[in-house]
Amino acid sequence: MSQTIKDNSNEFAIELDNQDELKDYRSKFHLPQHQGNDVIYLVGNSLGLQPKSAVDFVAKELESWKLNGVEGHFIGENPWYSYHEWFKNPVARLVGAKPHEVVVMNNLTVNLHLMMISFYKPKGFRKKILVEKGAFPSDYYAVESQIKLHGGNPDIDMIELETDKNNIVTTAEIQRQIEDIGDELALILLGGVNYYTGQAFNMKAITQTGHKVGANVGFDLAHAAGNIMLELHDWNVDFAVWCTYKYLNSGPGGTSGAFIHEQHASNPNLNRLAGWWGHDSDTRFQMKKGFNPSYGADGWQLSNAQILPMAVHRASIEIFDEVGMDKLRSKSIRLTNYMSDILMDKVNQNELNCKIITPPESEDRGAQLSLSFDGIGKELFNRITLRGIVADWREPNVIRVAAVPLYNSFIDVWNFVDIITEEYTIIRS
Ligand SMILES: *Cc1c(COP(=O)(O)O)cnc(C)c1O
């Protein structure tokens, strides 16, 4: 539940920052500048900021390449042969998994396809895939093409969740729709947090209901990894994928992560697209035919690891692992509730007419709020951009803002609300 705001003053925001035990982490990131000041960066949900340490991590691997050439695979501080293995423990902590259930590889949409090759197995009447209404376009295209790959018709086999007019849907309603599709449902593929509305889905309940009707259940965690608490293992999720450049600050087009539940770790009945890096690492260099997958998520790798993007990811994951998701999430809830409270305060005082389409309870959302402003959203967005706020506009009608706990402050949030209210008043006057 949202705290009631006792004080909407600038001084109170500063006091909240002073009390914030994570406040020093902001200085570990590069903030773009606007007219000599830090921008108010509220798009960590789109491209997270650069950790200042990233350059050293990348430089180290370039140096090893320079000094060692191909030998860098086996010598140097972080031999590339096993570079990806470093991620297992900290990434498992990040998403609530066992170390052998996670792997860092490829890019998000590629991993989504690899997972659907294994977990979308249409058979008889059971061939439908349930997706979000208003899913991210790449997810729609991946699902459509997977259905076609199996000879199906996406217009029939891809089912979109029914939602209210703001694209929000309750857990009970999702469960009802899953049960309605029943034994025709082959796969549920939802976001952990929807990119447009900011709604966080109850993955535990959805997985339970999905399994009850006999479907596999996977999540696209692009907007959830590094944002909300995840317990993928305990929730019995079959698979999950995520990108690392949004909340996880690992650079444009950065590498991606995948989770495969250990109950599938060595399941020979799953289809896989295989490559040499997924082969059992003890015999990988015997270079023989006959694919023998590594145990667990490692067995889904195709290619040798992309060391340079992984070096950036490592810089960021070290920070996440030092802070821990508990503390991050706890600050995130306070920051986002604070934003919602002071926005609503402006609305109540008739200084702003804004609707927050993101659900109001913390358990139903992450850092992001999606704001709609009857018809003037785009103009307002353009005006706040000129004032040094970095937010984003998503067609048809939403300004998305995410105050992220690693580098955003309460005063960032206060300034954002102050500026958007000023610009709103100017447009309306
Ligand atoms: C950001 C995002 C993507 C982007 O996919 P890439 O393969 O990383 O380009 C896909 N799906 C969702 C849900 C996203 O939020």
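Of note:
- Tabulated pairs, region 18-35, first free of Cβ contacts under 8 Å to residues at least 24 places away in the same chain, second assigned to a strand (DSSP E or B), C-beta under 9 angstrom, 6+ apart or interchain: H30/P51
- Subset of region 395-422 [more than 19 Å from A13 (Cβ to Cβ) and buried (at least 17 other Cβ atoms within 10 Å of the Cβ)]: N397, V398, I399, R400
- Selected residue [at pLDDT 95 or above, acidic (D, E), outside the structural domain of I147 (by TED's automatic domain parsing) and under 26 Å from D280 (Cα atoms)] from E15, E101, E71: E71
- Hey, E179 surrounded by fewer than 16 Cβ atoms within 10 Å (Cβ to Cβ), closer than 27 Å to A402 by Cβ, touching a residue at least 12 places away in the same chain (Cβ under 8 Å) and more than 16 Å from the ligand (Cβ to nearest atom) or not: no
- Members of region 251-264 that are more than 16 Å from the ligand (Cβ to nearest atom) and either at pLDDT below 95 or touching a strand residue (DSSP E or B) at 6+ places or on another chain (Cβ under 9 Å) (or both): I260, H261, H264
- Only one of K148, K121 that is more than 30 Å from S250 (Cα to Cα), in contact (Cβ under 8 Å) with a residue 60 or more places away in the chain and out of contact with any Leu (no Cβ under 7 Å at 6 or more places or on another chain): K121
- Boolean, R365 is modelled with pLDDT of 95 or more, more than 20 Å from M229 (Cα to Cα), outside the structural domain of D164 (by TED's automatic domain parsing) and not aromatic (F, W, Y): no
- Residues that are crowded, with 17+ Cβ neighbours inside 10 Å and in contact with a helix residue (DSSP H, G or I) (Cβ under 7 Å, 6 or more places away or on another chain) within region 338-351 comprise Y338, M339, I342, L343, K346, listed in sequence order.
- Meets criteria (over 28 Å from L335 (Cβ atoms) and among the charged types (D, E, K, R)) for E11: no
- Selection from region 107-132 of residues that are surrounded by fewer than 23 Cβ atoms within 10 Å (Cβ to Cβ) and near the ligand (Cβ under 9 Å from one of its atoms): N107, T109, V110
- Evaluating Y140 against the criteria (1) within 16 Å of the ligand (Cβ to nearest atom); (2) touching a helix residue (DSSP H, G or I) at 6+ places or on another chain (Cβ under 6 Å) leaves one unmet condition, (2).
- Criterion: within 16 Å of the ligand (Cβ to nearest atom) and closer than 30 Å to H100 by Cβ - qualifying residue of A186, A135: A135
- The single residue among I342, I356, I399, I317 that is of a type in the set (A, V, I, L, M), assigned by TED's automatic domain parsing to the domain that holds T197 and on the phi < 0 side of the Ramachandran plot turns out to be I317.
- Number of residues in region 330-381 that are among the small types (G, A, S) and more than 24 Å from the chain's Cα centre (by Cα) equals 2.
- Considering (1) of a type in the set (G, A, S); (2) farther than 20 Å from Q306 by Cβ; (3) within 16 Å of the ligand (Cβ to nearest atom), the lone condition that G48 does not fulfil carries the number (2).
- Screening the candidates L187, L161 for the property of being outside the structural domain of F373 (by TED's automatic domain parsing), touching a residue at least 60 places away in the same chain (Cβ under 8 Å) and buried (at least 16 other Cβ atoms within 10 Å of the Cβ) yields one hit, L187.
- Residue satisfying all of: in region 201-224; within 13 Å of the ligand (Cβ to nearest atom) and among the small types (G, A, S); farthest from the chain's Cα centre (by Cα) among these: G218
- Qualifying residue in region 51-60 (condition: farther than 30 Å from I389 by Cα and assigned to a helix (DSSP H, G or I)): yes
The values are calculated or read from the model by the stated rules, or taken from the named source; none is laboratory data. If you're wondering where the values come from, they're calculated on a predicted model, not measured in any experiment. Cβ coordinates were reconstructed from backbone atoms using ideal geometry, including for glycine residues, and neighbour counts include every protein chain displayed.
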